[in-house]
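Trainee: Could you have a look at this structure, given as structure tokens, before my questions?
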Amino acid sequence: MPAYQLSVDVTPQYLPEQSSPEDGVYAFSYTVLIRNTGSVGAQVVSRTWHINDANGLHEKVKGLGVVGHQPLLQPGERFEYTSGTRLRTPTGTMHGSYFCVAVDGEKFDIDIPMFVLDALSDSHRHLH
């Protein structure tokens, strides 16, 4: 098993109550579950997100920590948080990376796999 390895799972959700399609504002939340699947404890120090809408607009967001935290995850530990973003189109994608520092000083990056933000399909799912 790799020493330096975190797994990242993202669950996006469209937020109709925070969106205003007539104004071109589509709000989404995304819940991220980070698990330390390696054999060495590691801290999530910073994040980089690439946000793309359907018009080809690209936004790069960099920052320290995740939701104000820099979680230190020992092997087997997990950290979950929810954040959000807004698009000018009903669909888009996000992907990125976390910069991590292991407890032994090793620095490494973890890819956040691309996921789709989709106001159109979500609205059908949440109709009751």
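Each reported figure results from applying straightforward, stated rules to the coordinates on display, with no laboratory input. None of these values were measured; they are calculated from a predicted model. When we count neighbours, we look across all protein chains shown, and the Cβ atoms used for this are built from the backbone with ideal geometry, even at glycine.
Trainee: Only one of (1) surrounded by 16 or more Cβ atoms within 10 Å (Cβ to Cβ); (2) over 26 Å from E17 (Cβ atoms); (3) of a type outside the set (G, A, S) fails for L64. Which number is that?
Mentor: (1)
Trainee: Scan the range 18-29 and tell me whether some residue there is closer than 27 Å to G105 by Cα, outside any loop (DSSP other than H, G, I, E, B) and not hydrophobic (A, V, I, L, M, F, W, C).
Mentor: Within the range 18-29, none of the residues are closer than 27 Å to G105 by Cα, outside any loop (DSSP other than H, G, I, E, B) and not hydrophobic (A, V, I, L, M, F, W, C).
Trainee: Sticking with this one: Of the residues that make up the range 64-75, is at least one more than 17 Å from the chain's Cα centre (by Cα) and farther than 20 Å from V103 by Cβ?
Mentor: No, that holds for no residue.
Trainee: From the list D118, D53, pick out the single residue that is surrounded by 15 or more Cβ atoms within 10 Å (Cβ to Cβ), of a type in the set (D, E) and out of contact with any Asp or Glu (no Cβ under 9 Å at 6 or more places or on another chain). Break it down stepwise before answering.
Mentor: Details: D53 fails: out of contact with any Asp or Glu (no Cβ under 9 Å at 6 or more places or on another chain).
So the residue among D118, D53 that is surrounded by 15 or more Cβ atoms within 10 Å (Cβ to Cβ), of a type in the set (D, E) and out of contact with any Asp or Glu (no Cβ under 9 Å at 6 or more places or on another chain) is D118.
Conditions (1) in a strand (DSSP E or B); (2) among the hydrophobic types (A, V, I, L, M, F, W, C), marked per residue:
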{"residue": "P2", "(1), (2)": "no, no"}
{"residue": "T31", "(1), (2)": "yes, no"}
{"residue": "R35", "(1), (2)": "yes, no"}
{"residue": "V45", "(1), (2)": "yes, yes"}
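Trainee: If V32 passes every condition in (1) loosely packed, with under 13 Cβ neighbours inside 10 Å; (2) over 20 Å from G105 (Cβ atoms); (3) out of contact with any Ser or Thr (no Cβ under 6 Å at 6 or more places or on another chain); (4) not small (G, A, S) but one, which one does it miss?
Mentor: Answer for V32: the failing condition is (1).
Trainee: Now, a different point. For the range 93-110, give me each residue that is under 25 Å from Y26 (Cβ atoms) and either more than 10 Å from the chain's Cα centre (by Cα) or exposed (fewer than 15 other Cβ atoms within 10 Å of the Cβ) (or both).
Mentor: Within the range 93-110, just T93 meets the criteria.
Trainee: Tell me, yes or no, whether the range 70-79 has at least one residue that is surrounded by 12 or more Cβ atoms within 10 Å (Cβ to Cβ), touching a His at 6+ places or on another chain (Cβ under 8 Å) and over 21 Å from Y14 (Cβ atoms).
Mentor: Yes, the range 70-79 has at least one match.
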